[in-house]
Amino acid sequence: MDRILDSINLPSDLKSLSMDQLRELCSELRRYMVEVCSDHPGHLASSLGAVELIVGLHYVYDAPKDKFIFDVGHQAYAHKILTGRKDAFRKLRTKDGVSGFPKMSESEYDAFGVGHASNSISAALGYAEAFAIQGSDARSVALIGDGALTGGLAFEALNNAGASKADILVILNDNNQSIDKAIGGLHQHLFRITSSSRYNKFKNKVWNKLGDRGFRRFLQTWLRSLKSWIVKPVGGDVFESLGLRYFGPIDGNDIEQVVSSLRKLKSIHGPLVLHCITAKGNGYAPAEGDPGVWHAPGKFDPETGERIISKGQPDRFQDIFGEVLCELARGDGRVIGVTPAMASGCGMKAFAREFPDRFFDVGIEEEHAVTFSAGLAAAGMRPFCNIYSSFSQRAYDQVIHDVALQNLPVVLCLDRAGVVGEDGATHHGMFDLAAFRPVPGCVLAAPADGTELKQLMYSALRYEGGPYIIRYPRGGAHDTPWREEPYRELPLGKADELRAGKKVAVIAAGPAVHSALQAAGQFGENVGVYNFRFLKPLDTEMLDSISSRYSKVITVEDGSLKGGLYGAVCEYYAGKMPVVGIGAPDAFIGHDTQAAQRHELGIDSEGIARKISEIL
């Protein structure tokens, strides 16, 4: 039996389908996503829940003339499949295959690149205002999840959009989830809100007939009072108080409701919000049953839903972090765990269960997470604030202004530092070393393995001098007996000589230390290896010793060469010592496996050995 999906190559092919055919197409899209993602892991549950919304958008609107911006790209798989990338989708998140997120350079249908949360409304508003200036009748739509709506940028955009006359539609995909279960006051408000057909029917008749802005503001106030009487929303209407017309909620997994609503709203001008209730993982029972796990489940059997778990792998950095944090908290009542919606990914689930009163998932709010941690520290607590390295970029001002400037003892743990693999350029943590190294008063450390992560966390807890930043990569740590190692405080700013040599010194930070040791073993006494676990403060005594004994230096880091370890060593030697750097160049790194990315950058043992050979 032929699939409807086989006949869909571009969104225009949808226009002739009946409602029954659209329903079948939605089912086929889900089956295809499950089939592909079972072997090419991606962000499955979010995209399963947004199928009807995306099919409805392409059915009612006219992309690429009309612009759809997804927040975040986790939910955009159906969009990619419907916009000429159906076959290419079989190579999802592989080198030279389609990205896991919308990407402007990949397709004219991808109106804006989105990998981080909360930027869709701002970008869509920019499009809408540009269309107005250009005299275009193109429409701009932002599709944002309820988790992403908690981000401060989304509120800034809503505030600006509500004060404008822009023709922008904000579709709120409300599925009670971000990665883990959604939290916060806004989520509670959305969960309680209801809709009224009487209210919207009356409002639609009079809204566009009003010309006077003052009278319109008066009527808005009166209508909110009317709505509170008809609908009785708890806490008032957040969106209409900001100046956006609110519609819904509707069943976002009912294609007929979605299409009907979009058709009506397409004829209404001004800033609008359509509230859609969806189920994350919709249509695939395993994902519906545990949407948190199935947000990014890895490989699995598509028929049974059984996940394929690799065995015999070393402990992951995030799991070591979570276990050590629990141990530290048992011995010190000041230890607090803070995360911006990444409790599962950063390893804090066990901490949340054991210490519910000392665990805070603040939602997708990195800036707030840092300043909240600063407040905790100012009050005498010891917060461990865990943020993915790439996402910490959004909290840079807070780290400087609220933590470092006030010399507060916040332990900032940057997970997913360096290359992260298939998520690609938006998620690589390449810039943290360069970004935070210039900040006065910060300690900046990179553990080589699980044992060092344990010791650095212990050292950070005992440190009284201000912010202490620990960055470590995604995935497995070098296999060391970290559980058996006793806690000990590492001397601040001190490097270790791991292997003495005569000609070339390899200075490494993070897990690259182990790759450097493996590479150096091929060259006998010619090569020395040094673990510079602290980039700040830098061990200048060790650098002086190295410069007196070697003729050449190689630095190795899983991060940007500009401003990182290479930058620090070059600054200190200031032309007095030849330094060659191995790390990320002045370019964004695409999506591939972590192993392939490290090989391409030359930070694996083979790449380091090749560079040593060139120098020798």
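The values are calculated or read from the model by the stated rules, or taken from the named source; none is laboratory data. The structure displayed is predicted, hence computed values, not measured ones. Cβ sites come from the backbone with ideal geometry, for glycine too, and all protein chains shown count toward neighbours.
From the list ALA161, ALA138, the lone residue that is assigned to a loop (DSSP other than H, G, I, E, B), surrounded by 15 or more Cβ atoms within 10 Å (Cβ to Cβ) and at pLDDT 90 or above is ALA138. Selection within segment 269-290: residues that are of a type outside the set (Val, Ile, Thr) and within 30 Å of ALA132 (Cβ to Cβ). The member of this set that is surrounded by the fewest Cβ atoms within 10 Å (Cβ to Cβ) is HIS269.
Residues in segment 85-128 that are outside any loop (DSSP other than H, G, I, E, B) and either farther than 30 Å from ALA163 by Cβ or not assigned by TED's automatic domain parsing to the domain that holds LEU57 (or both): 4 in all. Among residues of segment 124-135 that are at pLDDT 95 or above, those with a beta-carbon under 7 Å from a residue that is part of a helix (DSSP H, G or I) at least six positions away or on a different chain give the pairs LEU125/ALA157; LEU125/ASN160; LEU125/ALA161. Once segment 533-572 is narrowed to residues that are free of Cβ contacts under 8 Å to residues at least 60 places away in the same chain and among the charged types (D, E, K, R), the residue that is nearest to ALA446 (Cα to Cα) is ASP539. Highlighted here would be strands (runs of 3 or more DSSP E) found entirely within segment 355-425 that include at least 1 residues which are in the same structural domain as GLY73 (by TED's automatic domain parsing) and modelled with pLDDT of 95 or more, but there are none.
State all residues of segment 422-450 that are of a type in the set (Val, Ile, Thr) and within 30 Å of ALA296 (Cα to Cα); if no residue qualifies, say none. Spell out how you get there, then give the answer.
Taking segment 422-450 and keeping what is of a type in the set (Val, Ile, Thr), we get 426, 439, 443.
THR426, the sole residue that qualifies.
Of the residues making up segment 143-160, those that are of a type outside the set (D, E, K, R) and under 17 Å from the mean Cα position of the chain (by Cα) number 11. Quick one: would you say ALA63 is touching a residue at least 24 places away in the same chain (Cβ under 8 Å) and within 28 Å of GLY298 (Cα to Cα)? So ALA63 does not fit the description; no.
Let's see how each residue does on (1) in a helix (DSSP H, G or I); (2) under 22 Å from the mean Cα position of the chain (by Cα); (3) more than 14 Å from ASP415 (Cα to Cα):
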site: GLY305; (1), (2), (3): no, no, yes
site: LYS311; (1), (2), (3): no, no, yes
site: PRO314; (1), (2), (3): no, no, yes
site: GLY322; (1), (2), (3): yes, yes, no
site: ALA329; (1), (2), (3): yes, no, yes
site: GLY333; (1), (2), (3): no, no, yes
site: ILE336; (1), (2), (3): no, no, yes
site: GLY345; (1), (2), (3): yes, yes, no
site: ALA352; (1), (2), (3): yes, yes, yes
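Taking the listed residues GLU484, GLU489, the one that is closer than 29 Å to ALA379 by Cα, free of Cβ contacts under 8 Å to residues at least 60 places away in the same chain and not basic (Lys, Arg) is GLU489, with no other qualifying.
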